[in-house]
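Working notes, beginning with the structure itself.
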Amino acid sequence: TVPSTDENGHGTALAAIAAGNTVPQEDFSGVAPEAGLIVVKLKPAKQYLREFYLYPENAEVFQENDVMLGIAYASRFARQLGMPLSICLGLGSSQGAHEGTSPLCQYLDYVTGFTQISVSVAAGNEGNARHHYTAELSVQNAEAVAELRVAEQESGFTMELWGRPPETYVVSVQSPTGETLEVSRYLGTGTQKLSFVFVETQILVNYVAIERHTGNPLVYFRFLHPAPGIWRIRVRLEDGQTSRFHIWLPVTGLVSADTYFLEPSPYNTVTSPGDTREGITVTAYQYRDNSLYLKASRGFEPDGTITPELAAPGVAIKVPMLTEGYGERSGTSLAAAQTAGAAALLFEWAIIRENELFFSGTSVKNYLLRGARRENGMAYPN
């Protein structure tokens, strides 16, 4: 008995896909129907964090350190039972440099190095959300302008600009009324307040010349009571060299659906911790016709690291509903659950049936990569 309640059905759906019972009359079965389950329910993020990041009141938001504690609990429990462990993470964030340097990504890399632990992570559903902008600056293209449409009734949101070391980026913000304010590069990591004359909007900005985990320059924006309309973020390099930068808005559900970039890029939209280097990051495809899921986030990582590694069924998948009966859901989380079930079966073959006793998460990942279907005439990865 799990002494808790699933309010939205997401965890129930993922558990059922990975390890649900076989129900012949419904033509349903989990991938590994005889596997045991360790269920960890995350508590909501603390209120002061929700307020700092300007998240909507009804948004479901969790803390990175709580995810890490949940993984540590499951790993410890599995060791006590003397059983292999396949972890499924059906969540993601657009925060960070998307280069596998966050504390959660580093912890997943550490955990996967242990024998008998595999981690399957959803790539995210940000492929067509229009929440990512990127441009390359050079001598020929000295300035880039990211046009951001802000919706009516948008109460506030955050935005992150990540560059490449060792460059210094000159950034300014233009309001819908045409007023332009420049972000100072000389105030250290302290918070700057950009106040506009003709709109009530205030933008709190932190210019971090060298972010501690990556060494990358980071410009962090907090838009308070943003005026609706087209905002323009102008970016140029101080010394006119060649360098690429990225800007990410929060994931879908944490910002209005009508707040987006006018010229977005669907690439480099895999959510964290899908940028983990050792875990298995999974995107979704429609198994009925082999087409990719339209909303799925796309790789690679900004530094060229390959992600996602695999595609698994994740479109119109039959799952048990919270009340009764079955319905259909889509998303990369479902694909991650399919992969977590497959990892459990590999552990059974390797360890329980004693075919390969020293079997790790890296073993699982590479067995799946080797066995994945590739279409003729197409180069991989792509």
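The values are calculated or read from the model by the stated rules, or taken from the named source; none is laboratory data. Just so it is clear, the structure is predicted and the values come from calculations on it, not from any experiment. Cβ placement follows ideal geometry from the backbone for every residue including glycine, while neighbour counts extend to all protein chains displayed. Please note that ligands, DNA and RNA were not included when accessible areas were found on the heavy atoms of the full protein model with its side chains. Shrake-Rupley method; radii C 1.70, N 1.55, O 1.52, S 1.80 Å.
Tally up the residues in region 214-242 that are closer than 25 Å to Ala129 by Cα, open to solvent by 10 Å² or more (accessible area, probe 1.4 Å) and either free of Cβ contacts under 8 Å to residues at least 40 places away in the same chain or part of a strand (DSSP E or B) (or both), please. Residues meeting the conditions: 8. Applying the criterion of being of a type in the set (Phe, Trp, Tyr) and either assigned to a helix (DSSP H, G or I) or at pLDDT 95 or above (or both) to the residues of region 106-120, the residue that is farthest from Arg234 (Cα to Cα) is Tyr110. Of the residues making up region 146-190, those that are on the phi > 0 side of the Ramachandran plot and more than 25 Å from the chain's Cα centre (by Cα) are Gln153, Gly178, Gly188.
Considering region 121-135, the residues that are touching a Lys or Arg at 6+ places or on another chain (Cβ under 7 Å), open to solvent by 20 Å² or more (accessible area, probe 1.4 Å) and not in a strand (DSSP E or B) include one that is farthest from Gln95 (Cα to Cα), namely Asn128.
Here Thr283, Thr269 are screened, and the one residue that is of a type in the set (Val, Ile, Thr), in contact with a His (Cβ under 9 Å, 6 or more places away or on another chain) and either under 20 Å from Ser184 (Cβ atoms) or surrounded by 23 or more Cβ atoms within 10 Å (Cβ to Cβ) (or both) is Thr269.
Across region 80-105, the qualifying residues are those that are surrounded by 17 or more Cβ atoms within 10 Å (Cβ to Cβ) and not in a loop (DSSP other than H, G, I, E, B), and the one among them that is nearest to the chain's Cα centre (by Cα) is Ser93.
Mind checking which residues of region 170-208 are more than 23 Å from Gly229 (Cβ to Cβ) and in a strand (DSSP E or B)? Let's see the steps before the verdict.
First, pick out the residues of region 170-208 that are more than 23 Å from Gly229 (Cβ to Cβ): 170, 184-191, 206-208.
Val170, Thr191, Asn206, Tyr207, Val208 - these are the residues of region 170-208 that are more than 23 Å from Gly229 (Cβ to Cβ) and in a strand (DSSP E or B).
Scan region 64-79 for residues that are open to solvent by less than 20 Å² (accessible area, probe 1.4 Å) and touching a helix residue (DSSP H, G or I) at 6+ places or on another chain (Cβ under 7 Å) and report the count. The qualifying residues number 3.
Among the residues of region 166-181, write down those that are open to solvent by 20 Å² or more (accessible area, probe 1.4 Å) and of a type outside the set (Gly, Ala, Ser). I'd like the intermediate steps shown before the answer.
So the first thing to find is which residues in region 166-181 are open to solvent by 20 Å² or more (accessible area, probe 1.4 Å), and the list is 166-168, 174, 176-181.
The answer is Pro166, Glu167, Thr168, Gln174, Pro176, Thr177, Glu179, Thr180, Leu181.
What about Ile203, is it out of contact with any strand residue (DSSP E or B) (no Cβ under 8 Å at 6 or more places or on another chain), farther than 19 Å from Asp258 by Cα and not hydroxyl-bearing (Ser, Thr, Tyr)? No.
Taking every residue in region 150-173 that is under 16 Å from Tyr55 (Cβ atoms) and pairing it with any residue that is open to solvent by less than 20 Å² (accessible area, probe 1.4 Å) and hydroxyl-bearing (Ser, Thr, Tyr), at least 6 positions away or on another chain, the pairs with Cβ-Cβ distances below 9 Å are Ala151/Thr259; Glu154/Thr259; Phe157/Thr259; Glu160/Ser94.
Taken over region 297-327, the criterion of being within 25 Å of Asp27 (Cβ to Cβ), among the β-branched types (Val, Ile, Thr) and open to solvent by less than 40 Å² (accessible area, probe 1.4 Å) is satisfied by Val315, Ile317, Val319. So, Ser363, is that one of a type in the set (S, T, N, Q), in contact (Cβ under 8 Å) with a residue 12 or more places away in the chain and closer than 23 Å to Val111 by Cβ or not? Here the answer is yes, as Ser363 does meet what is asked.
For region 186-196, check the following and say yes or no: at least one residue is in contact (Cβ under 8 Å) with a residue 24 or more places away in the chain and either in contact with a helix residue (DSSP H, G or I) (Cβ under 7 Å, 6 or more places away or on another chain) or open to solvent by 50 Å² or more (accessible area, probe 1.4 Å) (or both). So far as region 186-196 goes, no, none of its residues is in contact (Cβ under 8 Å) with a residue 24 or more places away in the chain and either in contact with a helix residue (DSSP H, G or I) (Cβ under 7 Å, 6 or more places away or on another chain) or open to solvent by 50 Å² or more (accessible area, probe 1.4 Å) (or both). Out of all the residues in region 286-296, which are open to solvent by 80 Å² or more (accessible area, probe 1.4 Å) and closer than 14 Å to His132 by Cα? Correct list: Lys295 only.
Whether any residue in region 101-111 is in contact (Cβ under 8 Å) with a residue 60 or more places away in the chain, within 30 Å of Glu354 (Cα to Cα), of a type outside the set (Ser, Thr, Tyr) and in contact with a helix residue (DSSP H, G or I) (Cβ under 7 Å, 6 or more places away or on another chain) is what I want to check. Scanning region 101-111, I find at least one residue that is in contact (Cβ under 8 Å) with a residue 60 or more places away in the chain, within 30 Å of Glu354 (Cα to Cα), of a type outside the set (Ser, Thr, Tyr) and in contact with a helix residue (DSSP H, G or I) (Cβ under 7 Å, 6 or more places away or on another chain), so the answer is yes.
Is at least one residue of region 219-239 farther than 25 Å from Ile87 by Cα, aliphatic (A, V, I, L, M) and at pLDDT below 95? The answer is yes; a qualifying residue exists.
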